[in-house]
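The values are calculated or read from the model by the stated rules, or taken from the named source; none is laboratory data. A quick note: this is a predicted structure, and the numbers were derived from the prediction, not measured. Please note: Cβ atoms are built from the backbone with ideal geometry, for glycine as well, and neighbour counts cover all protein chains shown. Only protein heavy atoms, including side chains, enter the accessible area calculation; ligands, DNA and RNA are left aside. Shrake-Rupley method; radii C 1.70, N 1.55, O 1.52, S 1.80 Å.
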Amino acid sequence: MLGIGKTGWIEKDAPVCGPLDALVKPLAVSPCTSDVHTVWEGAIGDRHDMILGHEAVGQIVEVGALVKDFKPGDRVIVPAITPDWGALESQAGYSMHSGGMLAGWKFSNFKDGVFGELFHVNEADANLALLPDDVDMAAAVMLSDMVPTGLHGVELADVQFGDDVCVIGIGPVGLMAVAGAKLRGASHLYAVGSRPDCAALAREYGATEIINYREGDIVKQIMELTHGKGVDRVIVAGGNAEETFAQAITMLKPGGRIGNVNYLGSGDYVKIPRVEWGCGMGHKTIAGGLMPGGRLRMEKLASLLSTKRLDPGKMLTHRFNGFEHIEEALMLMKDKPRDLIKPVVIL
Ligand code: NDP
Ligand code: ZN
């Protein structure tokens, strides 16, 4: 990212490895919708000559003197969120906010990201995980962000056995939320989106109905399908701050929960409809969060791939080989052709 709205290639000095850190060479990377928000919407403010990218698997090139469990040559999963584990926020259980709100998100935010020949990982022992040999490298790139974010939406909504669940947005994040809700025991699983390929994959991952928001009000469609009852849980992984939130609150049963992982990129306020919120007494909860990182989390999610409980590789619609194709993959993410779900670049 050269500046807001501008991308290109730059030369930078290699990062320096601190005693607890690692330097990693990327083996496979994927651009994210958040990279698009960063460059073309100025979502995190102005950034100059910053290397983009926060989704990668890689190979360790160097480790600091105090790193215990990793060595050069190890192939690793690199989470998008790399907290400072000693921070008070981490001790309180919210490592993604270590050092301040959302500050666990460092790559392509406060420091250079993973679309470089070499990148820096802080606190390697706590933030990296070994890539299991039986996990496909391209699919494993989805462990950086898409899998943990979609599954965190499910955790935030606290999906229980037999719940009726609606997932709003079935891009890669929402698709992982659909798969996660199925793993958590959802019964009726309504998936909201309009792209046919995403809809087909949502069905494969466990959606029982597809709701097309372009074909009418989604609340009306959900209410018809649930005979006026609404759903127990809503996971928000797409849509806009005002309309989508109001819809989510409205379609929720009393006592229901919303898990939001969508980036709310515009407007000053999120609107909560008063009557639909039971005039403030509806026991409807909103939980929104940035994905958790950390080695333990990454190892557990990787074992979902090893045991074939989850196959995020199905989302990879566009595959490239070679560093020079990163730009093309990023532009695909920006332009979102209708057959795109997620691109991956093998290096
Ligand atoms: P996509 O753009 O690929 O998917 C968005 C989805 O929302 C699509 O299915 C789209 O439908 C749907 N949608 C768009 N408008 C509406 C609407 N008005 N009503 C209902 N659905 C709508 O995004 P990603 O899956 O890549 O990412 C989703 C969000 O998650 C982004 O905001 C991203 O920044 C955020 N994110 C959050 C993270 C976290 O830690 N919390 C980490 C990573 C990403 P259609 O089929 O028409 O395209
Ligand atoms: Zn991301």
Which residues, counting only those in segment 88-120, are within 16 Å of ligand 2 (Cβ to nearest atom), in a loop (DSSP other than H, G, I, E, B), open to solvent by 40 Å² or more (accessible area, probe 1.4 Å) and among the charged types (D, E, K, R)? ASP112
Does GLU243 satisfy being among the acidic types (Asp, Glu) and at pLDDT 95 or above? no
Positions within segment 32-87 being part of a strand (DSSP E or B), away from ligand 1 (no atom under 16 Å from the Cβ) and either surrounded by fewer than 24 Cβ atoms within 10 Å (Cβ to Cβ) or under 21 Å from the mean Cα position of the chain (by Cα) (or both), in sequence order: VAL57, GLY58, GLN59, ILE60, VAL61, GLU62, ARG75, VAL76
Quick check on my filter: what residues within segment 270-279 are closer than 22 Å to VAL159 by Cα and open to solvent by 60 Å² or more (accessible area, probe 1.4 Å)? ILE272, GLU276, TRP277
THR250 being over 26 Å from ASP197 (Cα atoms), within 14 Å of ligand 1 (Cβ to nearest atom) and either assigned to a helix (DSSP H, G or I) or touching a residue at least 24 places away in the same chain (Cβ under 8 Å) (or both): yes
In segment 81-96, which residues are touching a residue at least 40 places away in the same chain (Cβ under 8 Å) and over 18 Å from LYS25 (Cβ atoms)? ILE81, PRO83, TRP85, SER95, MET96
Here are some residues: GLY282, GLY267. Which one is more than 20 Å from HIS54 (Cα to Cα), surrounded by 14 or more Cβ atoms within 10 Å (Cβ to Cβ) and touching a residue at least 24 places away in the same chain (Cβ under 8 Å)? GLY282
Being free of Cβ contacts under 8 Å to residues at least 24 places away in the same chain, more than 16 Å from ligand 2 (Cβ to nearest atom) and open to solvent by 20 Å² or more (accessible area, probe 1.4 Å) is the requirement here; does ASP158 meet it? no
Heads up, the helices (runs of 4 or more DSSP H) in segment 122-192 (entirely inside) with at least 3 residues that are within 10 Å of ligand 1 (Cβ to nearest atom), modelled with pLDDT of 95 or more and under 30 Å from VAL63 (Cβ atoms) are 146-157
Please state which one of LYS314, LYS336, LYS308 is within 16 Å of ligand 2 (Cβ to nearest atom) and either among the basic types (Lys, Arg) or modelled with pLDDT under 95 (or both). LYS336
Out of segment 18-31, which residues are within 19 Å of ALA140 (Cβ to Cβ) and either part of a strand (DSSP E or B) or without any contact (Cβ under 8 Å) to a residue 24 or more places away in the chain (or both)? ALA22, VAL24, LYS25, PRO26, LEU27, ALA28, VAL29
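Condition check ((1) away from ligand 1 (no atom under 11 Å from the Cβ); (2) surrounded by 14 or more Cβ atoms within 10 Å (Cβ to Cβ)) across all residues:
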{"residue": "PRO196", "(1), (2)": "no, no"}
{"residue": "ASN212", "(1), (2)": "no, yes"}
{"residue": "ILE218", "(1), (2)": "no, yes"}
{"residue": "GLY228", "(1), (2)": "yes, no"}
{"residue": "ALA241", "(1), (2)": "no, yes"}
Would you mind finding the one in ALA177, ALA186 that is open to solvent by 10 Å² or more (accessible area, probe 1.4 Å), over 30 Å from LYS12 (Cβ atoms) and of a type in the set (Gly, Ala, Ser)? ALA186
Restricting to segment 281-322, count the residues that are in a helix (DSSP H, G or I) and in contact with a Ser or Thr (Cβ under 9 Å, 6 or more places away or on another chain). 1
